[in-house]
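First the structure, in the form of structure tokens, and then the observations on it.
The values are calculated or read from the model by the stated rules, or taken from the named source; none is laboratory data. These numbers come from a predicted model, not from an experiment. Heads up, the Cβs are rebuilt from the backbone with ideal geometry, glycines too, and the neighbour counts pull from every protein chain shown. We work out accessible area using only protein heavy atoms, side chains counted, and drop any ligands, DNA or RNA first. Shrake-Rupley method; radii C 1.70, N 1.55, O 1.52, S 1.80 Å.
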Amino acid sequence: MTEKPASSRILLSVTGMYPRRWHDALSKARTVVLEPDGEADPTIEYAVVWKQKRGVLNGLPNLKLIFSAGAGVDHLLADPELPAGVPIVRVVAENLTQHMVEYVCWRVFDHHRQGMTYRVQQVQKVWHEPLQPPANEVAVGIMGLGELGSAAAKALLSLGFKVNGWSRREKRVEGVSTFHGEAALTPFLNATDILVVLLPLTGATEGIIDFSVLDRLRKDGPLGGPCLINAGRGQLQKEADILRALDQGVLKEASLDVFEQEPLDPKSPLWTHPKVFVTPHAAATSDPAHLVPLMLEQMDAFERGEPLKNLVDREAGY
Ligand code: NDP
Ligand code: OXD
């Protein structure tokens, strides 16, 4: 990797994701600034962003590429002043995928092996063994069969679960029963005991996890009721509907990593609900030590005129 002159600079606009660590990693190879020198700074060629300051990317005449510091790009596309026509590269990385696969398998196993029941029993000193169906009787349905969803599906298959997957376009993943599009949503849900949400947040997916979706999950499955795991985005879910579904027994349990508002309000009933497991948007955190070398490789490749990888389709919103 060649060191670049100060005339080609990276704008780093990262909030809530350890900006210092991104700065340290990027500035080993390139010149990094936290603010442009004026609105039309001609030296900025690349930007690395997470929930960037609104409008910060606008009017930079030589901006060539925008990198999202995460896999999701809803934070980036939400900027009304995002410059049109500049390609956006998102994170696809073994390290991040591995973390998500670990999170999904952990939460699936906890619901499958009745971790919530055992934790209550332990507090009450109850010695009782609930019925335990084998994994091959339990169907995990993954909404969003992309980089993360497909990797989670493969891991769950190898652990013995039945796996269903739902995507926007037709997709084949060996061993997975695949469904796509609006028309196939009901059959996908009807065949699912543990729903794993790994969708991006777009105009088409916002609020998709509502009461009606939860009510279509398999009711007479081997776990005594369906479970929800959401590690996609908080705005995919309607939290009032999740609480209603839990309280009415439509949903047995939920593991939520993402929330309509983050951080989760201390007053939210989700914090203390006995059937909800909360993590603070930590399923698969971007690690600059792993991700910056991939970004630098893409910058070098781009400068050699090679095609970019992991480009965002702005129209689809992911
Ligand atoms: P991908 O873009 O690789 O996959 C997205 C999947 O969702 C694709 O299968 C896509 O379908 C499907 N999809 C998109 N829109 C629709 C729709 N309207 N109906 C049905 N399916 C749809 O994304 P990743 O797998 O890399 O990441 C998924 C999301 O995970 C990110 O967008 C982010 O929000 C979240 N995330 C959360 C993290 C956390 O720590 N909690 C960490 C990292 C990511 P198709 O295959 O047809 O394109
Ligand atoms: C991501 C995230 O999108 O961490 O990468 O949420």
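Just a few scattered comments:
- Estimated from the Cβ-Cβ distance and a Förster radius of 22 angstrom, the FRET efficiency linking ARG20 and ASP265 is about 0.20.
- Theoretical gain in end-to-end length, GLU81 to ASN136 [0.36 nm per residue, Cα-Cα removed]: 14.9 nm
- Separation between Cα centres of segment 213-230 and segment 262-295, rounded to whole Å: 23
- The chymotrypsin sites (Phe, Trp or Tyr not before Pro) of segment 141-227 include none that DSSP puts in a loop with a beta carbon having at most 12 other beta carbons within 10 Å.
- Annotation note: GluC sites (Glu not before Pro) in segment 104-205 located in DSSP loop regions with a Cβ neighbour count of at most 12 within 10 Å are GLU170, GLU174.
- Positive dipole terminus of segment 153-253, leading residue within CYS227, VAL213, SER177 (C-beta point charges): SER177
- Where a label projected 7 Å from the Cα of ASN58 along Cα→Cβ would reach, residues of segment 68-85 with amide N under 17 Å: 76-85
- Sites LEU34 and ALA316, calculated FRET efficiency, Cβ-Cβ separation with R0 35 Å, nearest 0.05: 0.70
- FRET efficiency for the GLU306 to ASP210 pair, using the beta carbon distance and R₀ = 45 Å, is estimated at 0.55.
- Helix runs (DSSP H) in the chain reaching 20 Å along axis by Cα, Kyte-Doolittle at least -1.0: 94-112, 288-303
- Cα centre as origin, Lys/Arg/Asp/Glu Cβ charges: the chain dipole, Debye: 560
- With all protein chains in place and ligands, DNA and RNA left out, the 1.4 Å accessible area ranks HIS111, HIS290 as HIS290, HIS111, largest first.
- Dipole of the chain computed with +1 at Lys/Arg Cβ and -1 at Asp/Glu Cβ about the Cα centre; of HIS112, VAL126, PHE277, farthest Cα towards the positive end is VAL126.
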